[in-house]
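The values are calculated or read from the model by the stated rules, or taken from the named source; none is laboratory data. The structure displayed is predicted, hence computed values, not measured ones. Note that we place each Cβ from the backbone using ideal geometry, even for glycine, and neighbour counts take in every protein chain shown. In case anyone asks, the SASA skips ligands and DNA or RNA and just uses the protein heavy atoms, side chains included. Shrake-Rupley method; radii C 1.70, N 1.55, O 1.52, S 1.80 Å.
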Amino acid sequence: MSSSRLGSRLAVCLLNISEARRKYIVENIAKAALEKNGQKHPEVSVLNIFSDQDYNRSVITIAASVDKLGSCVLAACLEAFRAIDMEVQEGVHPCLGAVDLIPIYPLSGVGVDECGAVARSLAKDLVLHVPGCSVFLFGEADLPKKRSLVQRRKQLGWFTRRDFSALEPDLGAAPARRCGLTGVGASPYVMNCNVTIDSQDLSVGREIAHAIRGSSAHGLKGVQAMAFPHEGKIEIACNVESFENQETTDTSEGSQYVTYSVLGDRFSYVSPHYIEAQVKKLASNQGIGTIGRALVGFTPPECKNCAEYALKENIGEFWKIREGVFM
């Protein structure tokens, strides 16, 4: 397949797995996405691996043509379910599954509805191939309701639950403790941006997270935020959603909102720099400083550019030639 054709129909999966402390397992999962019948797959690249020891959670960024992405992600998931046992998993970050989250996002030449179809097909393959695997659907994969990931997580008690016995999945049997429950879905790109404050006071972190959350009166549109203890401090962990916006035209990361296009549709997201500035301001109001900002992977335009380059140059293990965290 030519690079021009690949570049025209690209999608990406930010695969969230409940393992970070055993690096060889995380890398084996990433490498599984790159192989087909024991041979290197030329049409897929692992762009980034972000592992957090405290959370015991990794995010593996897998990019491919939309027609190939499902099978690549499935291969990675099969390896993850083989290697990760939720019965012994420990970590600060909430999670319900060995493979906790499988979101599919469009990068270029693909609509979110087509990514939803890829996600639904992948979910069916997972419960078919993994005994004990259970799935809930969200976004464009959750038809006809198209409930958001936040809605589904609240319904399932994702933020607080460790008892799987009462969970009701959309696909598969009742969750087995080893595999847990996996979320599979599709939406416009969601970026992860975390800011650490120089405090151990979780209540202060929660107050800041509440203030910047998009659902708050003066919050940041598209931003979902929570506060977690992290490496002896408090981290404000943000999911930054892309939202449709036909008016904003600024593409600068220094502005509040950054705009990009997919298939002629315009999307915007809050700049990581702006999120960091707002957290700094709110923390400073309480006499607290910030330590740094971590971008888990890429902004949407960065992800598109890296995917096109990696696939054009046939670089499957792209994560090895770039920094995994932007500070």
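Assorted remarks:
- Springs join every pair of Cα atoms under 10 Å in this Gaussian network model of the chain, and among ALA83, ALA123, ALA227 the largest mean-square fluctuation is at ALA83.
- Derived scalar couplings ³J(HN,Hα) [the stretch 100-105; Karplus, 6.51 cos²θ - 1.76 cosθ + 1.60; whole Hz; x for Gly, Pro]: 7, 8, 10, x, 10, 10
- Prolate/oblate/rounded label for the stretch 45-195 (Cα gyration tensor, a/c 1.5): rounded
- Amide H contacts under 5 Å for LEU107, placed H, 5+ residues apart: LEU10, ALA11, VAL12
- Computed from backbone phi, the HN-Hα couplings of the stretch 109-120 come to x, 9, x, 5, 5, 5, 5, x, 5, 4, 5, 5 Hz, rounded to whole numbers (Karplus: 6.51 cos²θ - 1.76 cosθ + 1.60, θ = phi - 60°; Gly and Pro given as x).
- Taking 0.36 nm per residue of separation and subtracting the current Cα-Cα distance, fully stretching the chain between SER261 and HIS210 would add 15.4 nm.
- Residues of type lysines that LYS281 reaches as a straight line, Cα spacing below 29 Å, ignoring anything fewer than 8 places off in the same chain: LYS221, LYS233
- Overall Cα dimensions of the stretch 255-298, principal axis frame, Å, largest first: 45, 20, 10
- Rounded to the nearest 20 debye, the dipole size of the chain about its Cα centre is 340 debye, using +1 on the Cβ of Lys and Arg and -1 on the Cβ of Asp and Glu.
- Straight Cα distances below 28 angstrom link LYS124 to the lysines LYS31, LYS36, LYS40, LYS68, LYS145, LYS146, LYS154, LYS304, with same-chain residues fewer than 8 positions distant left out.
- Charge-dipole axis of the chain as Lys and Arg at +1 and Asp and Glu at -1 on Cβ define it, positive-most pick from HIS230, GLY116, SER51: GLY116
- Residues listed by number, the stretch 62-92, amide nitrogen under 16 Å from LYS124 label point at 7 Å toward C-beta: 70-71, 74
- Projecting the Cα atoms of SER216, PRO188, ALA174 onto the charge dipole of the stretch 130-227 (Cβ charges, centred on the Cα centre) puts ALA174 farthest toward the positive pole.
- Built amide H within the under 5 Å cut-off of GLY297, gap 5+: PHE326
- For the stretch 240-245, the Karplus equation 6.51 cos²θ - 1.76 cosθ + 1.60, evaluated at θ = phi - 60°, returns couplings of 10, 7, 7, 10, 5, 8 Hz by residue, with Gly and Pro reported as x.
- Here each label is just a point 7 Å from Cα along the line to Cβ, and for GLN155 and ASP113 those points are 2.2 nm apart.
- Residues with amide H under 5 Å from that of ASP100, placed H, sequence gap 5 or more: ASN16, ILE17, SER18
- Report note on the peptides 196-208, 53-65: ranked by the mean count of other C-beta atoms within 10 Å, highest first, their order is 53-65, 196-208.
- All distinct Cα pairs of the chain go into the 1/r average, and the inverse of that average, the Kirkwood radius, is 19.8 Å.
- Ordered from largest to smallest accessible area (heavy atoms of protein chains, 1.4 Å probe), the residues MET226, MET191 come out as MET226, MET191.
- The gain in end-to-end length when the HIS218 to GLU231 segment is fully stretched comes to 1.7 nm, 0.36 nm per residue minus the alpha carbon separation.
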